[in-house]
Amino acid sequence: MDYLIQFQMNIYTLLMLGILFWMIRTKSWIESFGKRLIENVIILTAVALIIDPLSWIVDEQMFFGSYFLGYLFNLSLIALAPHIGGMMLSYVDYYIFKDKNRIKQRLYYMHFVIITMVLLIINIFVPIYFSISMDTHTYAAGNYLWIHNVLIATMYLYMLVFVTKNRKKTLGYIMNIFMIFFILPIIGMVVQIINTHLNFAWTSIGLGVLVTYVFLESSSGEKDYLTRLFSRQSYERYVLHLIENKRSFSIALIDLDNFKTINDQYGHLKGDQVLVKFGNVLKKVFYPNKLVSRLAGDEFIVVIENDQSYESVRTEIEMYLSKSEDSKCQSLEYSM
């Protein structure tokens, strides 16, 4: 019962990850590389959540094989930490760059795994990370366990630097989610270092996975997948709502001129970036109107419920475009 109380957070997180894994497998019919990466993070974290209490349960037990089980469990926990970190960073990299080969070239960010495995091999002969007493089967932390903590902390800090460096390659709110994805494990690791009885390290990774799935992987169809503006379906529902309630409104239909040229000359990734930035401009210009949506391609539509004039709208759009850091946005032309 004592172990049940001590590791109740592990149990709750394990149940949460199990439900999350089931949802990912059943709700999405489309297989993708990114989906497999997040599934790997879930599986590895679940394994760690199971092994963690087992390592405590076999500690100081004298049954046959308890020594080897204790050593195996503690070795596995140390090895799992950089594996999970590498999968997390691979997921973020793929989400930003959409390049499977890029992840493979970077060896799935398993460089820290290689370092850790070398140190664990050394640990068999010289207990730098931990040791298990042959006589009492008791676990004891090594004098250099701090090296492992520094390696993992360095890995997560690198992740934060990576996200910050590439913040302009995707939307701001996505970058914030990635920050949470990496900051939570750091907090969990610090908490567990301060108090080893607060088993929050693996749980914090599970929470990060949950946040990432809810905001990035699950979709209700309400928002456009690229620009995060409202979708055409949302627009049609909202207009029907206004008509049914006899509320007055206006419609602004906007499409970009010669947008195909941007895709042809600079690639579709650049075209996507232009669409996202133009969508953000529309949200600023038409605020506080709630519904700015993307119909399809380079076509946008806005439901206007205030007294914005055509002239003021065009002036503001051109002002924001001229201030853009992207030269393609500065020279962007549109029809409205």
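Using only alpha carbon pairs under 8 Å that are at least six residues apart, calculate the relative contact order of region 152-277 and give it in whole percent.
Working: 82 pairs, mean separation 21.7, N = 126.
Once divided by the residue count of region 152-277, the mean separation gives 17 percent.
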With a 1.4 angstrom probe the carbon and sulfur portion of accessible area for region 233-336, in percent, totals 49 percent
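Apply the a/c threshold of 1.5 to the C-alpha gyration tensor of region 1-152 and tell me whether it is rounded, prolate or oblate.
It comes out oblate by the Cα gyration axes.
Filter the GluC sites (Glu not before Pro) in region 256-336 to those in DSSP coil with at most 16 other Cβ atoms within 10 Å of their Cβ, and list the result.
Working: sites: E299, E305, E311, E316, E318, E325, E333; in loops: E305, E325, E333.
Here the GluC sites (Glu not before Pro) that fit, given the DSSP loop and packing criteria, are E305, E325, E333.
Of all chymotrypsin sites (Phe, Trp or Tyr not before Pro) in region 1-106, which ones are in loop regions per DSSP and have a Cβ with at most 12 other Cβ atoms within 10 Å?
In loop regions of region 1-106 (DSSP not H, G, I, E or B), the sparsely surrounded chymotrypsin sites (Phe, Trp or Tyr not before Pro) are W29, F63, F64.
Mean separation of Cα pairs under 8 Å and 6+ residues apart, divided by the residue count of region 54-117: what relative contact order is that in percent? If you can, show how the numbers build up before the last one.
Working: 35 pairs, mean separation 20.5, N = 64.
Averaging sequence separation for qualifying contacts and normalising by length gives 32 percent for region 54-117.
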Prolate/oblate/rounded label for region 295-336 (Cα gyration tensor, a/c 1.5):
oblate
Under 5 Å between amide hydrogens, which residues at least 5 positions from F300 or on another chain qualify, with H placed 1.01 Å from N in the peptide plane?
I254, D255, L295
Once both axes come from the Cα atoms, what is the angle between helix 145-165 and the longest principal axis of the chain, in degrees from 0 to 90, rounded to 10?
10 degrees
Roughly how tilted is helix 172-194, in degrees to the nearest 10 and between 0 and 90, from the longest Cα axis of the chain?
20 degrees
Computed over the chain, the relative contact order (Cα-Cα under 8 Å, seq sep at least six) in percent reads 14 percent
Would you please put 244-251, 232-239 in order of how densely packed they are, using the mean number of other Cβ atoms within 10 angstrom per residue and starting with the highest?
232-239, 244-251
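At a 1.4 Å probe radius, carbon and sulfur cover how many percent of the accessible area of region 66-184? Intermediate results must be reported in sequence, preceding the final value.
Working: 4060 of 5850 Å².
It is 69 percent, rounded to a whole number.
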Label corresponding to semi-axes √(5λ) of the Cα gyration tensor in Å when calculated from the structure given, among (i) 50, 22, 16; (ii) 37, 20, 20; (iii) 38, 29, 22:
(i)
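For region 259-335, what does the accessible surface come to per residue with a 1.4 Å probe? Please give it in Å².
Working: 4160 Å² over 77 residues.
About 54 Å² of surface per residue is accessible.
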Rounded tilt (10° steps) of 232-244 against the dominant C-alpha axis of the chain:
60 degrees
Listed residues D135, D59, D257, most fluctuating in the chain (Gaussian network, C-alpha, under 10 Å):
D135
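The values are calculated or read from the model by the stated rules, or taken from the named source; none is laboratory data. Being a predicted model, the structure only gives us computed values, none of them experimental. Please note: Cβ atoms are built from the backbone with ideal geometry, for glycine as well, and neighbour counts cover all protein chains shown. Ligands, DNA and RNA are excluded from the accessible area calculation, which covers all protein heavy atoms including side chains. Shrake-Rupley method; radii C 1.70, N 1.55, O 1.52, S 1.80 Å.
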